[in-house]
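Okay, so here's the structure we're looking at.
Rule-based calculations on the coordinates, nothing more; no lab input. What you are looking at is a predicted structure, and each value in this text was computed from that prediction instead of being measured.
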């Protein structure tokens with residue numbers, strides 16, 4: 001069966017959700033949302049990334065919605081770009 005290159009499997013999305021949730025819990029004493037300039041910097045990196053699915057605003061590696069993930073203080077890029 002061929003896999004659609006613009007989808008992320010549910011197991012990957014679930015693992016990413018658990019990891020991001022754990023990161024937020026570990027950093028609950030810090031600001032949860034970041035400043036706009038950092039968010040814009042992250043989004044710019046994502047926009048040019050080979051794993052970014054623009055029409056879905058998702059990352060192929062983690063399955064996250066980037067409009068949300070790039071705002072989270074404790075979030076990180078699954079391939080280490082930010």
At each listed q (0.31 Å⁻¹), what is the log10 of I(q)/I(0) that the Debye formula gives for the range 37-82 modelled as equal alpha-carbon point scatterers? -1.40
With no solvent and one point per C-alpha, what does the Debye sum give as log10 I(q)/I(0) for the chain at q = 0.16, 0.21 Å⁻¹? -0.59, -0.97
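Given the Cα-Cα distance of residue 24 and residue 79 and 0.36 nm per residue of separation, how much length would full extension add, in nm?
Numbers: separation 55, 0.36 × 55 = 19.80 nm, distance 1.89 nm.
Full extension of this stretch gives 17.9 nm more.
Suppose the chain between residue 55 and residue 38 were pulled fully straight at 0.36 nm per residue; how much longer would it get relative to their current alpha carbon spacing?
On the way: separation 17, 0.36 × 17 = 6.12 nm, distance 2.24 nm.
In short, 3.9 nm is gained.
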